[in-house]
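Derivation of every value follows stated rules applied to the coordinates shown; laboratory data play no part. Please read these numbers as outputs of a predicted model, since none were measured by experiment. We place every Cβ from the backbone using ideal geometry, glycine too, and count neighbours over all the protein chains shown.
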Amino acid sequence: MAVVLRTLFPDWMTTAALPWLEEVIDQGRKVRPEEFRPFFRMESTDKPYVQYTSMGTLGTFVETDENTDVTFDSPNQGYDKTLTPLQYSLGFSVSRIALDDDKIGPLKNLASHLGRSYTESRNILAADIFNNGFNSSFTGADGVELFSTAHLLDGSSATFNNELDTAADLTISSLRTALIDFRDFRDGRSKRLNLRPNKIIVSPTEEWNAREILKSELRADTGNNAINAFQGDEMNAAGFGIYVWNYLTDPDAWFLQAPEEDHYLIFLEREPFNVVSDVNFRNRALETAAWARFDVDWANNGIGVFGSPGA
């Protein structure tokens, strides 16, 4: 009588099962969302690096008398920033005996965790841009940290701030000051950019405070039935939203951000997530590994974002 033996299928956990294995890993990637996506410009490249170059702008128009030559102007030099995608990888190995004794348990759990580890790694690395944003050891193209009171305008010695002059927790007063400063962003020739933030980013600790400040019908800091100016038509027209980011490490830090086209926080994809699985012929262990290449950084002088580390 013909009997089907497991020894007839030495590769049952590799070639034949690879689609199933990849599906489990992919499910693990989706268990936790990539929370950073709303805060970065998601871009891709097929090159080993990408250089971002900003160019200064022209000045304002000059009053010109009749029959007088036009005044010609030239843009000043901006800032250069190079993003170089790095390779990230992780894998696991399961012995053949473990698979034979419990074919589903260990492999399925490890495969799922591999996908989750990938998403977690990307969330952490992206959040580090904000978490290190007040640290002078992490500088950008203009030589200062992402959130600073001493940013340089493109091609100019003039400075501007994208953090409060005095660090403060999120309150009605500090938010009002931040919004005013945000509206004062200028280009290298001191022309107003007229940027408006469309999101406030807070940690889970500050979620309820942010909602009380922004969503209350009346002002949350007084019992005088004063109107809540943050409920005005202008804020609503901008689609201003509250974003709670679990990966912020400072519980009282908070941030404002302009729409994607008005900031230069970039998540650059070079090689998408991919999985390789095979059997090690020396010990019959199933080995699975995953790779990806990407970089995350900011490519300008901090225009379009504003932050406070809290008091």
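For volume of the Cα convex hull per residue in Å³, the choices are [x] 206; [y] 267; [z] 215; which was calculated from the structure?
Label of the calculated value: [z].
Cα to Cα, under 15 Å, and not fewer than 8 places away if on the same chain: which aspartates and glutamates meet these conditions relative to K47?
E269, E271, D295
Return the sequence-ordered ³J(HN,Hα) values of segment 113-125 in whole Hz as given by the Karplus equation 6.51 cos²θ - 1.76 cosθ + 1.60 applied to θ = phi - 60°, using x for Gly and Pro.
5, 4, x, 5, 5, 5, 4, 4, 4, 5, 4, 5, 5
Could you work out how far helix 18-31 tilts from the main Cα principal axis of the chain, as a 0 to 90 degree angle to the nearest 10?
So the inclination is approximately 40 degrees.
Take T205 and D278, extend 7 Å from each Cα along the Cα→Cβ direction, and tell me the distance between the two endpoints in nm.
Those two pseudo-labels are separated by 4.8 nm.
Describe numerically, in nm with one decimal, the distance between label points set 7 Å from Cα along Cα→Cβ at S216 and at Y49.
A separation of 5.1 nm, rounded to one decimal place.
How would you rank 46-57, 251-262, 205-216, highest first, on the average number of other Cβ atoms within 10 Å across their residues?
Taking the mean over residues of other Cβ atoms within 10 Å, the ranking is 251-262, 205-216, 46-57.
Taking a spot 7 Å from the Cα of A150 along the direction of its beta carbon, which residues of segment 112-141 have an amide N less than 12 Å from it?
136-137
Quick one: what are the phi-derived ³J(HN,Hα) couplings along segment 255-260, Karplus 6.51/-1.76/1.60 with θ = phi - 60°, whole Hz, x for glycine and proline?
Once θ is set to phi - 60°, the couplings for segment 255-260 become 9, 10, 9, 7, x, 3 Hz.
What ranking, highest mean first, results for peptides 268-275, 143-150 when packing means the other Cβ atoms within 10 Å averaged over each residue?
Final packing ranking: 143-150, 268-275.
Students often check this: by mean Cβ neighbours within 10 Å, which of 22-28, 133-139 ranks highest, and how do the rest follow?
22-28, 133-139
Select from I266, I180, I242 the residue whose mean-square fluctuation is largest in a Gaussian network model of the chain (Cα-Cα springs shorter than 10 Å).
I180
Angle, helix 172-183 long axis vs. longest principal axis of the chain, Cα atoms, 0 to 90°, nearest 10?
80 degrees
For n ≥ 4 DSSP H runs only, could you compute -39500 (n - 2.57) per run for the chain, divide by its residues and tell me the 222 nm figure to the nearest 500?
Mean residue ellipticity, 222 nm, calculated: -7500 deg cm²/dmol.
Let me check I've understood the local charge: for I201, count other residues with C-beta under 13 angstrom from its C-beta, Lys and Arg +1, Asp and Glu -1. What total comes out?
After counting each charged neighbour, the total is -3.
Which whole-number percent is the relative contact order of the chain (Cα, under 8 Å, 6+ apart)? Could you put the intermediate results ahead of the total?
Working: 583 pairs, mean separation 82.4, N = 311.
Relative contact order for the chain comes out at 27 percent.
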